[in-house]
Amino acid sequence: MRVLPRIGKPTLKPFRHGWRRLKRSLTVPRVVVAAEIMLFAFVWVFVFSGSRRAALDSWGQRSDLVVTLLLAIGMVALHHALKKYFVPRIERYFSPVAYEERQVLFSLGQEARAASNIRELYAAIANRIATSFEADNVSILIRDEITGDYSLAASSDSSLAVLLANPETNLTLSRKAFTVKRVANLSTPLVIESDEFQIWERAFDAGSPAAKSTRTQERDVLKQLKAHLLVQVRTKDQMMGILSLGLRRGHFRYSQSDREVLTSIAGQLALVIENAQLAERMVVQEKLNRELALAVEVQRRLLPKHLPETSGLELAGFCEPARGVGGDYYDFITHEDQQVGIAIADVSGKGLPAALLMSTVQATLRSLAARVGGVGKGSRGLAETVSTLNRLLCDSTGGANYVTFFYAQFDPDTKALAYVNAGHNPPLYLRADSINDFTSLSCGGLIVGIFKDCIYEQAIVETQPGDILFAYTDGLTESMNREGEEFGEIRLRETLAAHAGRTVHEIRDELLRRVKQWSFGAPQYDDLTFVIMKVPLGIGAVPVERS
């Protein structure tokens, strides 16, 4: 049974904890006041001791009170002078400079209004934070909306600012980087101590070569940024960026209040980044709208402005892109011998890329048609024209895009209509003597632009007065109503048959009215294009088709 208490081995741990608490409570003003008190006590004891005390007694009974009062007044004056002139300078060396959170946030707002562009704004914010917190370096990394990586956008360090001016500089933290994941998962700023880099270097040896390369790149970027404190710049939905701060002057640590202020600043910065990105998207969208308007105007000019002047041949065309700029195309080409070429095409895809390919088709066709000229009954000019067009498109696009294409050529002297259909919707040919008998013009070959060595055939239709050729793209028959039902070829044939006796312009207007009425309230998903040709009055033969 133990009677005496156990005597443990004394340690210095309680003294160390006490010393740490004392250091945390010590400030420069408190130390100065303590020194002043000690100085006052020393001077007072010095004055009122030894022979000096006897000398003071000879001055009178109240001499000690007068001297004490004079010493107190002198110490007050000394305290005022130290507080005003010397304490701020001493504080600068022994404690971080004081700042006001509201002043920092207000100055950031002033910088935002003064900046002329987003890069200047980021740089001004980084410099302002560096000045307020006396940080060795402050950098702002912004999340790339495409890759998700965080790239350096601004830095208060002059050497990094010079690197940013070089477009080849790539100071980026991958979205999969270890520190990025840590910052994203923390609600408080992440502190990176200097010895952590050494720990990482030792850990590199145990990883795979790919992981080692990734972590080495991450470490090098953080070292270049002099990163000591990483603060996530976050909106409600995602982390927009990272605010990186280096060590403070004198290696002072960031206090808890400092981190709270930096978190508040990062929240304001997140709004700045979000608004800046929104403004950039608006600028890009406005630029795109201007380019789109220009493309619409260019495409409009590619369509025929005037109808060919022939002996009574009636022609009409219509084209309405689904997205402002489309891939449908039609054209009328007049040859020197008064033969008239009629072309209609549907380019794969939509929007600006399809319009660019359409312009290539138009320029190539006009060049080839001018070279070939008129087409007689025994000629294979149309088939050769389409074959050449196919080969040139394959060379320019590499087979990545294709075009459905129909080209016909009418000879007003012989009333013969030669044509080649390259994978296009077969145009409808309506005979004047039988308004319900339609012929589909399908002779030709495959679509153009895919296979370089395609062979095409042409056919000739012997026309008679009043016959109608109607060529169209699938945007017409596939026009849908609000129930998702297509307009279809049956309704198209019914409309043509019912109005075959009218002019091509009247037929065009009536067909458009019926299609628009059918698809009213439903979005237009495809370009709407068609061409109408009506054979002039004169002597002609019954329409037959032969290769």
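The values are calculated or read from the model by the stated rules, or taken from the named source; none is laboratory data. The model shown is predicted, which means the values in this text are computed figures rather than measured ones. Neighbour counts are summed over all protein chains in view; Cβ atoms, including those assigned to glycine, are modelled from backbone coordinates with ideal geometry. Just the protein is used for accessible areas: all its heavy atoms, side chains included, with ligands, DNA and RNA removed. Shrake-Rupley method; radii C 1.70, N 1.55, O 1.52, S 1.80 Å.
Evaluate the following for residue 161: is it open to solvent by 30 Å² or more (accessible area, probe 1.4 Å), at pLDDT 85 or above and either part of a loop (DSSP other than H, G, I, E, B) or not basic (Lys, Arg) (or both)? Taking the combined requirement at face value, the residue does not satisfy it. Just so you know, in segment 481-526 the residues that are part of a loop (DSSP other than H, G, I, E, B) and either closer than 21 Å to residue 328 by Cα or of a type in the set (Phe, Trp, Tyr) (or both) include one that is farthest from the chain's Cα centre (by Cα), and it is 487.
Conditions (1) touching a strand residue (DSSP E or B) at 6+ places or on another chain (Cβ under 7 Å); (2) modelled with pLDDT of 80 or more; (3) buried (at least 22 other Cβ atoms within 10 Å of the Cβ), marked per residue:
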residue	(1), (2), (3)
299	no, no, yes
333	yes, yes, no
360	no, yes, no
370	no, no, no
382	yes, yes, yes
386	yes, yes, yes
406	yes, yes, yes
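Just wondering, is there one or more residues in segment 180-198 that are without any contact (Cβ under 8 Å) to a residue 24 or more places away in the chain, surrounded by 13 or more Cβ atoms within 10 Å (Cβ to Cβ) and over 30 Å from the mean Cα position of the chain (by Cα)? Yes, segment 180-198 has at least one match.
Report yes if some residue within segment 316-338 is of a type in the set (Lys, Arg) and farther than 17 Å from residue 524 by Cα; otherwise report no. Looking for residues that are of a type in the set (Lys, Arg) and farther than 17 Å from residue 524 by Cα, one finds none in segment 316-338, hence no.
Quick check on residue 366: is it modelled with pLDDT of 90 or more and open to solvent by 10 Å² or more (accessible area, probe 1.4 Å)? Give the derivation first.
Numbers: modelled with pLDDT of 90 or more: no; open to solvent by 10 Å² or more (accessible area, probe 1.4 Å): yes.
For residue 366, the condition - modelled with pLDDT of 90 or more and open to solvent by 10 Å² or more (accessible area, probe 1.4 Å) - is not met.
Exactly one residue out of 508, 482, 514 is under 23 Å from residue 321 (Cβ atoms) and in contact with a helix residue (DSSP H, G or I) (Cβ under 7 Å, 6 or more places away or on another chain): that is 514.
Number of residues in segment 432-452 that are touching a residue at least 60 places away in the same chain (Cβ under 8 Å) and either acidic (Asp, Glu) or over 24 Å from residue 362 (Cα atoms) (or both): the value is 5. Going through (1) free of Cβ contacts under 8 Å to residues at least 40 places away in the same chain; (2) surrounded by fewer than 19 Cβ atoms within 10 Å (Cβ to Cβ); (3) over 18 Å from residue 349 (Cα atoms) one by one, residue 398 falls short only on (3). Taking the stated definitions as given, is residue 304 open to solvent by less than 50 Å² (accessible area, probe 1.4 Å) and in contact with a Phe, Trp or Tyr (Cβ under 6 Å, 6 or more places away or on another chain)? Against the criterion (open to solvent by less than 50 Å² (accessible area, probe 1.4 Å) and in contact with a Phe, Trp or Tyr (Cβ under 6 Å, 6 or more places away or on another chain)), residue 304 qualifies.
Only a single criterion out of (1) at pLDDT below 90; (2) surrounded by fewer than 19 Cβ atoms within 10 Å (Cβ to Cβ) is not satisfied by residue 391, namely (1). If the condition is being of a type in the set (A, V, I, L, M, F, W, C) and either in contact with a Lys or Arg (Cβ under 9 Å, 6 or more places away or on another chain) or open to solvent by 40 Å² or more (accessible area, probe 1.4 Å) (or both), then segment 222-259 contributes 229, 230, 231, 233, 239, 240, 242, 245, 247.
To keep it simple, each residue is scored yes or no on (1) of a type outside the set (Asp, Glu); (2) over 30 Å from residue 144 (Cα atoms).
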| residue | (1), (2) |
| --- | --- |
| 288 | yes, no |
| 292 | yes, no |
| 302 | yes, yes |
| 326 | yes, yes |
| 329 | yes, yes |
| 332 | yes, yes |
| 336 | no, yes |
| 339 | yes, yes |
| 357 | yes, yes |
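Here segment 116-151 is the region considered, the condition is being at pLDDT below 85 and surrounded by fewer than 17 Cβ atoms within 10 Å (Cβ to Cβ), and the residue that is farthest from residue 218 (Cα to Cα) is 116. The lone criterion from (1) at pLDDT 90 or above; (2) of a type in the set (Ser, Thr, Tyr); (3) outside any strand (DSSP E or B) left unmet by residue 429 is number (3).
Pairs needed: first member in segment 503-522, open to solvent by 60 Å² or more (accessible area, probe 1.4 Å); second member anywhere, part of a helix (DSSP H, G or I) and not polar (S, T, N, Q); C-beta distance under 8 Å; at least 6 residues apart or different chains. Pairs found: 514/491. Checking 217, 277 one by one, the residue that is more than 16 Å from residue 138 (Cα to Cα), open to solvent by 60 Å² or more (accessible area, probe 1.4 Å), part of a helix (DSSP H, G or I) and not basic (Lys, Arg) is 217 and no other. Answer yes or no as to whether residue 525 is farther than 30 Å from residue 413 by Cα and in contact (Cβ under 8 Å) with a residue 24 or more places away in the chain. So residue 525 fits the description; yes. Scanning segment 220-235 for residues that are in contact (Cβ under 8 Å) with a residue 40 or more places away in the chain and assigned to a helix (DSSP H, G or I) returns 221, 222, 224.
Answer with yes or no whether residue 429 is open to solvent by less than 50 Å² (accessible area, probe 1.4 Å), touching a helix residue (DSSP H, G or I) at 6+ places or on another chain (Cβ under 6 Å) and either farther than 18 Å from residue 332 by Cβ or in contact (Cβ under 8 Å) with a residue 24 or more places away in the chain (or both). Considered against the rule, which asks whether it is open to solvent by less than 50 Å² (accessible area, probe 1.4 Å), touching a helix residue (DSSP H, G or I) at 6+ places or on another chain (Cβ under 6 Å) and either farther than 18 Å from residue 332 by Cβ or in contact (Cβ under 8 Å) with a residue 24 or more places away in the chain (or both), residue 429 comes out as no.
The lone criterion from (1) hydrophobic (A, V, I, L, M, F, W, C); (2) without any contact (Cβ under 8 Å) to a residue 12 or more places away in the chain; (3) open to solvent by less than 70 Å² (accessible area, probe 1.4 Å) left unmet by residue 173 is number (2).
Within segment 139-147, identify whether any single residue is within 23 Å of residue 254 (Cβ to Cβ) and either without any contact (Cβ under 8 Å) to a residue 60 or more places away in the chain or in contact with a Pro (Cβ under 6 Å, 6 or more places away or on another chain) (or both), and answer yes or no.
Initial filter on segment 139-147 (within 23 Å of residue 254 (Cβ to Cβ)): 139-142.
Narrowing further to those that are either without any contact (Cβ under 8 Å) to a residue 60 or more places away in the chain or in contact with a Pro (Cβ under 6 Å, 6 or more places away or on another chain) (or both): none.
Checking segment 139-147: not a single residue is within 23 Å of residue 254 (Cβ to Cβ) and either without any contact (Cβ under 8 Å) to a residue 60 or more places away in the chain or in contact with a Pro (Cβ under 6 Å, 6 or more places away or on another chain) (or both).
Can residue 266 be described as crowded, with 18+ Cβ neighbours inside 10 Å, within 25 Å of residue 117 (Cα to Cα) and in contact with a strand residue (DSSP E or B) (Cβ under 8 Å, 6 or more places away or on another chain)?
yes
Scanning segment 465-476 for residues that are crowded, with 17+ Cβ neighbours inside 10 Å and of a type outside the set (A, V, I, L, M) yields 466, 467, 470, 472, 473, 474, 475. Only residues that are crowded, with 21+ Cβ neighbours inside 10 Å and in a loop (DSSP other than H, G, I, E, B) were counted across segment 448-464, and they come to 4.
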